[in-house]
Each structure stands twice: as structure tokens, then as C-alpha cells.
Amino acid sequence: DFHCVSATGSCTDAQAIAGGGGNGPLGPYKIVNNFLEASGENIIFGGGAATATPTDIEIRQNHLFKPLTWMKGQAGYVGGTNGNPFIVKNLLELKNAQRVLVEGNIMEYSWGGFSQSGFAILLTPKNQAGSNGSNLCPICQVTDVTIRYNSIRHVGNGLQITNALSDNGGAPLDGQRYSIHDLLFDDLDGKKYNGASEFAQVSVSAGAPVLQNVTINHVTAFPSSFMFNIGNMVATTGPMKNFVFTNNIISVGTYPVWSTGGGPGNCAYFDKPLTTFNACFSPYTFASNALIGIPSAFPPSLWPPRNFFPATAKAVRFVNYNGGNGGDYHLQPSSPYKGKGTDGKDLGADVDAIDSATAGVE
């Protein structure tokens with residue numbers, strides 16, 4: 001029941017666990033077997049002044065949760081005494097953290113309407129703006145992060161992976177080396193949770209360190225609007241390096257690969273998948289993905305080669321798709337995507353491994 005009331009409250013962010021600031025030794029941390037409920041960030045590292053980066057962080061088998069009764073308009077709604085809702089941000093955010101393992105967690109309920117839009121997980125190294133134009137954390141970085149075997153449910157957006165500047169224009173030290181695999185996104189619904197229905201934002205601001213060495217592998221997700229929202233002013237920053245997206249089962253949405261804005265200087269300006277990947281990433285691998293429901297405006301010829309294009313989720317042959325909400329996302333024996341991974345495994349998340357890693361969490 002950690003919360004801050006919007007507009008009139010005496011605080012803005014409420015967390016169950018927060019770290020990554022100050023001057024003392026930071027880490028190791030072991031966060032295991034907890035139920036963590038908070039309106040802002042259930043877990044955050046960074047977000048303030050620091051002279052060191054917290055290291056060796058283990059986040060395993062936790063239930064990160066926001067009760068839906070905190071969302072205005074829901075049955076049983078509970079907010080501030082004046083009726084204002086609590087400020088909701090996200091479930092897990094890393095702004096200053098190094099060598100992190102996030103494994104076997106259940107993360108559920110995140111919605112937009114405040115300064116953020118219902119993302120579940122943010123990997124966003126951030127310098128912090130101080131007074132008089134100063135910056136308080138030039139050493140802030142997010143590096144060497146593994147996120148695996150997690151179940152993520154009931155959110156407005158999925159992942160935000162961004163190297164950006166502070167409000168005063170200060171750059172973080174670094175943001176790279178992310179291994180993200182075997183995640184299941186269930187009920188990723190922007191209409192319901194006031195988000196964009198977006199799987200991932202991948203971007204870097206001009207002047208920030210180049211985002212590089214990001215691998216997303218064996219993920220199952222069903223966004224309805226955007227698969228990727230991509231941004232990079234390549235003339236200033238250069239292309240993002242070593243981006244790998246393989247062996248996933250994902251709905252591409254109405255606008256599959258879109259630009260974060262900024263006009264023709266943004267490498268994603270033309271909003272065409274192959275054009276965007278070639279302009280924004282070098283080198284990159286985008287292969288052996290089952291891309292569900294590509295719109296007619298984005299035929300297979302506009303995508304990188306060596307991918308699959310099922311017309312509907314039914315064509316994937318899940319045991320029970322159930323509209324992407326509460327389904328059984330094992331592949332049937334007759335699925336054309338069994339054993340089609342670059343590693344010889346089934347496409348999509350390893351549901352059995354996720355069930356095993358999260359056993360007893362809920």
C-alpha cells in the first residue's frame with residue numbers, strides 16, 4: 001500500500017524497494033521471495049544523485065503487483081481522500097545498476113495516465129537534473145542485465161530500452177549489454193491500461209551513449225498497436241550496435257515498426273521495417289520470428305528475410321490463445337513453429353521454464 005496521490009499529494013513516486021543513490025558502497029543486493037506493491041515503481045535502482053553504481057543485484061521469484069482498485073473507473077476504486085488517483089508508473093525500472101539478474105518473477109498491472117504510459121520494465125540509464133542547470137549523476141549507467149523466465153501481465157506497454165539525456169541535457173555513462181529472453185507478456189492492452197499497446201521502445205537520444213548489445217530472444221507477446229517504436233538521430237549518434245531479435249512469437253500490430261518522432265533525422269522516419277532496421281542498427285540480426293498479422297501495407301518483402309508470417313494467432317496453433325489474455329501459449333504438436341528456432345527450439349517463450357521459475361511466487 002505504498003502510494004502517492006496525484007496533483008495534491010506530498011510525494012510523487014512511491015516504491016516498495018528503491019536503491020542506487022548516495023555515496024556509500026552499493027551492492028550486492030538479493031531481492032528474493034517478496035510480494036512488492038507500490039503505485040510508482042515497485043522496484044527502482046537510480047533516480048537520484050549518486051557517486052557509484054549499485055552492482056550484483058539479484059531479483060528473483062518476487063510478485064510485483066499494483067491492485068486494479070487504484071485505477072480510476074474500476075470497481076472498488078480507492079484513491080486519495082479528495083478522489084485523486086495514486087500516481088502509477090511502472091513495475092521495474094533501472095536507471096543506475098550494473099550486473100543484474102531478473103528471473104522468475106510475476107509482474108502485473110501497470111497503466112498510464114501520469115508521466116508514464118503503463119510500461120512494465122524500463123532499462124533507462126539516466127543522469128539526474130539538479131538545480132541551476134547542474135547534473136547529479138554523470139556516472140549513472142545500466143549495463144550487464146539479464147531478464148529471463150518472467151511472466152508479465154496486464155500492462156499498457158512492454159519494454160522501454162532507452163539511453164536518454166537528463167532534463168538539463170546531461171548524459172549518463174552507459175547503457176548496454178542486455179540479455180532478454182523467455183518472457184511471456186499476457187494481456188498487453190493499451191486500451192484497457194491507458195498505454196500505447198506497444199511491445200518495446202528502443203531509442204537513443206542525440207548526445208547520449210550509443211545503445212548497443214541488446215538481445216531479445218524467445219519472447220511471446222501480443223501488442224495490438226506497435227511492435228517497436230524506434231528512435232535515433234543517426235547523423236549525430238551513429239547506428240545502434242549489435243541488436244538481436246530472434247525466435248520470438250509476436251503480434252506486429254497496426255503500426256509494426258514506428259518512429260519515436262523528430263522528423264527525417266530519425267532513422268525510423270519512413271516507418272518501414274527493413275528500411276528502419278538497416279538505418280537504425282549496424283550490425284543487427286532479425287530472424288526466425290513468427291510475426292503475427294502483418295498489415296497489407298507491410299508485406300513480407302518489407303521485412304528482413306528468414307522470418308515467418310502467420311496471418312493470425314490461430315495459425316500459430318497455440319494450445320489456447322484465448323485472445324492473448326490468460327491463454328496457454330504452449331505450441332500444439334502440429335504448430336509449424338515447433339523446432340524452428342535458430343537454436344532448434346520452439347519459437348516463442350519457453351512456457352514450461354517460466355512456469356518452473358515462477359512456481360510458488362503467486
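The values are calculated or read from the model by the stated rules, or taken from the named source; none is laboratory data. This is a predicted model, so every value here is computed, not measured. Backbone-built Cβ (ideal geometry, glycine too); neighbour counts: all protein chains shown. Keep in mind that these areas ignore ligands, DNA and RNA; they rest on the heavy atoms of the full protein, side chains included. Shrake-Rupley method; radii C 1.70, N 1.55, O 1.52, S 1.80 Å.
Between Asn325 and Thr236, what is 0.36 nm times their sequence separation minus the Cα-Cα distance? Round to one decimal in nm. Intermediate values should be presented prior to the final figure.
Details: separation 89, 0.36 × 89 = 32.04 nm, distance 4.13 nm.
The span from Asn325 to Thr236 would gain 27.9 nm if fully extended.
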For region 284-362, what is the largest minus smallest coordinate of the Cα atoms on each principal axis, given in angstrom and ordered from greatest to least? 45, 27, 24
Round to a whole number: what % of the accessible area of region 215-322 belongs to carbon and sulfur, probe 1.4 Å? 57 percent
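Please compute the alpha carbon radius of gyration of region 9-134, then divide it by the globular-protein estimate 2.2 N^0.38 Å. Two decimals is fine.
Details: Rg = 15.3 Å, N = 126, 2.2 N^0.38 = 13.8 Å.
Cα Rg divided by the expected 2.2 N^0.38 Å: 1.11.
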Could you tell me the calculated FRET efficiency between Ser134 and Lys30, based on Cβ-Cβ distance and R0 = 35 angstrom, to the nearest 0.05? 0.55
Option label - semi-axes √(5λ) of the Cα gyration tensor in Å computed here, alternatives (1) 30, 25, 20; (2) 39, 30, 19; (3) 49, 24, 19: (1)
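Per DSSP H run of at least 4 residues, take -39500 (n - 2.57); add these up for the chain, divide by its residues and hand me the 222 nm value, nearest 500 deg cm²/dmol. Walk me through the numbers before you get to the answer.
Numbers: 5 runs with 27 residues, N = 362.
Here the helix-only value at 222 nm equals -1500 deg cm²/dmol.
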Please work out the average accessible area per residue across region 100-223, using the 1.4 Å probe convention, and give it in Å². 27 Å²
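Between Thr312 and Asn82, what is the FRET efficiency for a Förster distance of 45 Å, r being their Cβ-Cβ separation, to the nearest 0.05?
Details: r = 46 Å, r/R0 = 1.03.
So, using R0 = 45 Å, E works out to roughly 0.45.
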Gain on full stretching of the segment that runs from Asp352 to Leu68 - 0.36 nm per residue minus C-alpha separation: 99.5 nm
Given Cβ charges of +1 for Lys and Arg and -1 for Asp and Glu, the option among Ile294, Ser110, Asn23 whose Cα lies farthest towards the positive end of the dipole of the chain is Ile294
How high is the relative contact order of the chain, given as a whole-number percent (alpha carbon pairs under 8 Å, six or more residues apart)? 12 percent
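At a 1.4 Å probe radius, carbon and sulfur cover how many percent of the accessible area of region 1-139? Walk me through the numbers on the way to the answer.
Working: 2760 of 5440 Å².
Using a 1.4 Å probe with all protein chains present, region 1-139 comes out at 51 percent carbon and sulfur.
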How many Lys pairs in the chain lie less than 27 angstrom apart by Cα atoms, where the lysines are 8 or more positions apart or on different chains? 29
Any idea of the accessible area per residue across region 33-99, 1.4 Å probe, to the nearest Å²? 34 Å²
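Ignoring ligands, DNA and RNA, what percent of the accessible area of region 145-208 is carbon or sulfur (1.4 Å)?
Numbers: 730 of 1810 Å².
Summing carbon and sulfur atoms, their accessible area is 41 percent of the total for region 145-208.
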